[in-house]
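Data first, discussion second: the structure below is written as structure tokens.
The values are calculated or read from the model by the stated rules, or taken from the named source; none is laboratory data. What you see is a predicted model, and the numbers here were worked out from it, not measured in a lab. A quick note on method: Cβ atoms are made from the backbone with ideal geometry, for glycine too, and the neighbour counts reach across all protein chains shown.
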Amino acid sequence: MAIKLRKKSKLKMAKKKIDLVASRYNQKLAFEIETGKNSLEQIIENLSKCLLAGYDRIYLVATNRFAWKRLYQSLLSYLYYLPRLRLVLFQNKSQDKNAYHPL
């Protein structure tokens, strides 16, 4: 299984960047990192740019429980309609025994 990664991929349609992009098995993957500092509008904008760019799978990665809870509460109604979207909580294993929580 080969995964190709690129940091800060610039989109052709605008001067917007995606935090991390990867490709695996001919699928384009986009990762947006959420620390909890972005407003709901910024979160929706990050999600929208990934959707419009045509990524096959979009991961919104929360770096802490506060950001995870905020993403989950804000985007819960979208999850059913966006099967490409995944919410993930990623924490250092020394901080939490359950470091990876996909939704």
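Among the residues that make up the range 11-30, is at least one of them at pLDDT below 90, in a loop (DSSP other than H, G, I, E, B), touching a helix residue (DSSP H, G or I) at 6+ places or on another chain (Cβ under 6 Å) and at positive phi? No: the range 11-30 contains no residue that is at pLDDT below 90, in a loop (DSSP other than H, G, I, E, B), touching a helix residue (DSSP H, G or I) at 6+ places or on another chain (Cβ under 6 Å) and at positive phi. Residues of the range 75-89 that are farther than 20 Å from Asn26 by Cα and either modelled with pLDDT of 90 or more or crowded, with 16+ Cβ neighbours inside 10 Å (or both): Leu75, Leu87, Val88, Leu89. Every condition in (1) loosely packed, with under 15 Cβ neighbours inside 10 Å; (2) out of contact with any strand residue (DSSP E or B) (no Cβ under 7 Å at 6 or more places or on another chain); (3) modelled with pLDDT of 85 or more; (4) not basic (Lys, Arg) holds for Asn64 except the one numbered (1).
Residues considered: Lys93, Lys69. Of these, the only one that is modelled with pLDDT under 80 and either of a type outside the set (Ser, Thr, Tyr) or within 17 Å of Asp19 (Cβ to Cβ) (or both) is Lys93.
Could you check the range 31-70 and list, in sequence order, the residues that are in a helix (DSSP H, G or I) and under 13 Å from the mean Cα position of the chain (by Cα)? Result: Gln42, Ile43, Ile44, Glu45, Asn46, Leu47, Ser48, Lys49, Cys50, Leu51, Ala67, Trp68.
Hey, can you tell me all the residues within the range 41-66 that are more than 16 Å from Leu85 (Cα to Cα) and either among the hydroxyl-bearing types (Ser, Thr, Tyr) or touching a residue at least 24 places away in the same chain (Cβ under 8 Å) (or both)? Within the range 41-66, Thr63, Asn64, Arg65, Phe66 qualify.
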